[in-house]
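Have a look at the structure below, then the notes.
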Amino acid sequence: MEPVISEADGEAVQEVQVNGEDTTKEPEMTMTQDGEAYADKDNGYQQQNGQHEEEIRDLALSGQVGFDSLPDQLVNKSVAKGFSFNILCVGETGLGKSTLMDTLFNTRFENVPAAHDLPGVNLSSSTYELQESNVKLKLTVVNTVGFGDQINKEESYKPIVDYIDQQFENYLQEELKIKRSIQLYHDTRTHACLYFIAPTGHSLKSLDLVTMKKLDSKVNIIPVIAKADTISKSELHKFKIKIMSELVANGVQIYQFPTDDETVADLNSTMNGHLPFAVVGSTEEVKMGNKMVRARQYPWGVVQVENENHCDFVKLREMLVRTNMEDLIEQTHTRHYELYRRCKLEEMGFVDTAPDNKPLSLQETYAVKRQEHMSQLQKKEDEMRQMFVVKVKEKEGQLKTMEKELHDRFDKLKKDHADEKKRLDDEKRRLDDEIELFNQKKKQFNDEMATLPGKNKKK
């Protein structure tokens with residue numbers, strides 16, 4: 001194979017004969033001093049105005065390679081590792097949340113009856129290991145204990161929002177670790193929220209609207225009408241339309257089953273029109289004909305849980321477990337968690353682009369934040385230093401004032417002492433003078449008495 005060089009229209013064109021066929025390479029372009037675009041096919045990319053745009057070329061294989069087994073490898077690895085799925089059940093006490101979970105997974109979870117006199121909403125989380133055939137599922141069921149039981153329901157949604165955010169925060173902290181173990185980490189992020197609506201037949205409660213509005217940006221909400229056997233079919237149809245119209249009017253975004261996959265697009269599109277699902281849960285089995293079915297038996301008849309003419313339980317199980325479980329997990333990670341992560345990192349000061357719209361790496365962002373942090377520390381240090389100087393000056397002024405007051409008091413005491421001493425000296429001098437005068441008078445008296453003895457004798 002020898003290249004043949006020819007000149008065409010002033011551009012160098014390299015013709016190469018391969019297996020008897022002529023292939024012509026595109027002319028190589030170089031970057032000019034003015035920064036104009038150039039293309040380099042040998043390097044497999046184009047550069048235009050300083051930006052690289054990767055070019056992907058399709059090639060045909062001349063034989064079997066073996067990477068078509070990647071899906072099988074992924075399936076085998078996933079099956080060996082097992083799967084995790086987390087469900088949050090939100091609804092008032094007594095709507096059958098625990099019973100529906102038992103019915104949905106065809107088992108009996110450990111349920112403790114909740115009291116109706118709790119001061120606030122508590123979230124109870126339980127994790128179970130389930131296995132069906134050779135597939136293992138680590139299922140976490142989170143129940144809202146005491147939701148809607150308080151007289152003041154204004155902040156009933158806050159414990160739920162805090163719980164979801166805490167799971168996001170735990171995962172984010174695990175991601176930010178220097179030594180991470182994501183593969184071994186038990187992901188507790190909430191993948192689906194079954195919101196249980198009371199079968200009133202009228203409209204949504206304000207508590208339901210407020211709670212779903214607070215949760216729709218954090219979790220995939222699937223609304224269900226609980227205990228749907230307590231409402232007639234005509235009322236149920238009107239109730240569903242009323243619920244969906246209120247959700248749309250209040251801007252509540254519920255989870256929509258995806259229609260981008262052709263294999264399930266028709267099914268999911270149809271099921272989106274059945275939302276919210278009207279469900280009935282029961283773990284009791286009733287004999288119907290020659291077989292036992294899960295149902296609820298009443299004096300007037302039997303409501304079969306898995307009969308689509310009686311309720312939407314089968315539709316819920318089909319959508320939640322059998323068709324869209326992986327999409328719920330993916331939506332949690334790519335939509336809700338990414339939103340939380342972006343907001344959290346932006347709060348910490350991390351950005352993707354600089355003020356001039358140039359890409360900014362994590363290291364550069366860290367350097368900028370470190371410089372800002374050091375500047376803030378220096379500023380605080382200067383402020384504290386100035387405050388310290390001011391405080392010292394104020395204290396010095398106070399001490400000088402106190403010292404002056406002490407000196408004044410000392411001088412006054414000294415003066416008072418001198419005056420008192422002078423007064424006492426004067427008093428002592430006066431007493432001494434009086435004593436001396438007394439002694440003189442006494443001596444004079446004695447002398448006078450001594451001159452009168454003869455007269456006294458004669459008498």
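The values are calculated or read from the model by the stated rules, or taken from the named source; none is laboratory data. This is a predicted model, so every value here is computed, not measured. In this analysis, Cβ positions are derived from the backbone assuming ideal geometry, glycine residues included, and neighbour counts consider all displayed protein chains. Note: accessible area is taken over every heavy atom of the protein model, side chains too, but ligands, DNA and RNA are not part of it. Shrake-Rupley method; radii C 1.70, N 1.55, O 1.52, S 1.80 Å.
Taking 7 Å steps out from each Cα toward its Cβ at E306 and M387 produces label points 7.0 nm apart.
Go through K97/K214; K238/K287; K369/K391 and tell me which ones have a Cα-Cα distance over 23 Å in this structure. As for pairs spanning more than 23 Å Cα to Cα, those are K238/K287; K369/K391. Summing charges over neighbours of F239, with a neighbour being any other residue whose Cβ is under 14 Å away from its Cβ, gives +1 when K and R count +1 and D and E count -1. Our summary of shape: the Cα atoms of region 175-316 have principal axis extents of 64, 40, 33 Å, ordered from largest down, in whole angstrom.
For region 338-395, the convex hull drawn through the C-alpha positions has a volume of 98 cubic angstrom per residue. Eigenvalues of the alpha-carbon gyration tensor of region 75-183, scaled by 5 and square-rooted, set the equivalent ellipsoid semi-axes at 30, 22, 8 angstrom, largest first. Of the two radii for region 109-166, the radius of gyration is 1.11 times the Kirkwood radius, both from the alpha carbons; that is the Rg over Rh value.
Within the full protein context, the accessible area of H310 is estimated at about 80 Å² for a probe radius of 1.4 Å. From the Kirkwood radius over Cα pairs of region 237-345, Stokes-Einstein at 4 °C and 1.567 mPa s returns a whole-number translational diffusion coefficient of 78 µm²/s.
For the pair T263 and D411 in one chain, pulling the backbone fully straight at 0.36 nm per residue adds 42.8 nm over the alpha carbon distance. Straight-line cross-link partners of K81 among the lysines, defined as a Cα under 22 Å from its Cα and at least 8 positions apart when in the same chain: K136, K138, K179. When all alpha carbon pairs of region 145-188 are counted in 10 Å bins from zero, the resulting P(r) reads 24, 34, 21, 16, 4 %. At a probe radius of 1.4 angstrom, the accessible area of region 304-459 per residue rounds to 85 square angstrom. Rg and Dmax, both from the Cα atoms of region 272-414 and both in Å, are 37.2, 119.
Restricting the calculation to alpha carbons of region 375-444 gives Rg and Dmax of 29.6, 101 angstrom. Counting protein heavy atoms only, region 323-436 has 57 percent of its accessible area on carbon and sulfur, 1.4 angstrom probe. Here the 3J(HN,Hα) profile of region 220-231, calculated from phi with Karplus coefficients 6.51, -1.76 and 1.60 at θ = phi - 60°, is 7, 8, 10, x, 9, 8, 7, 6, 5, 6, 9, 9 Hz, Gly and Pro shown as x.
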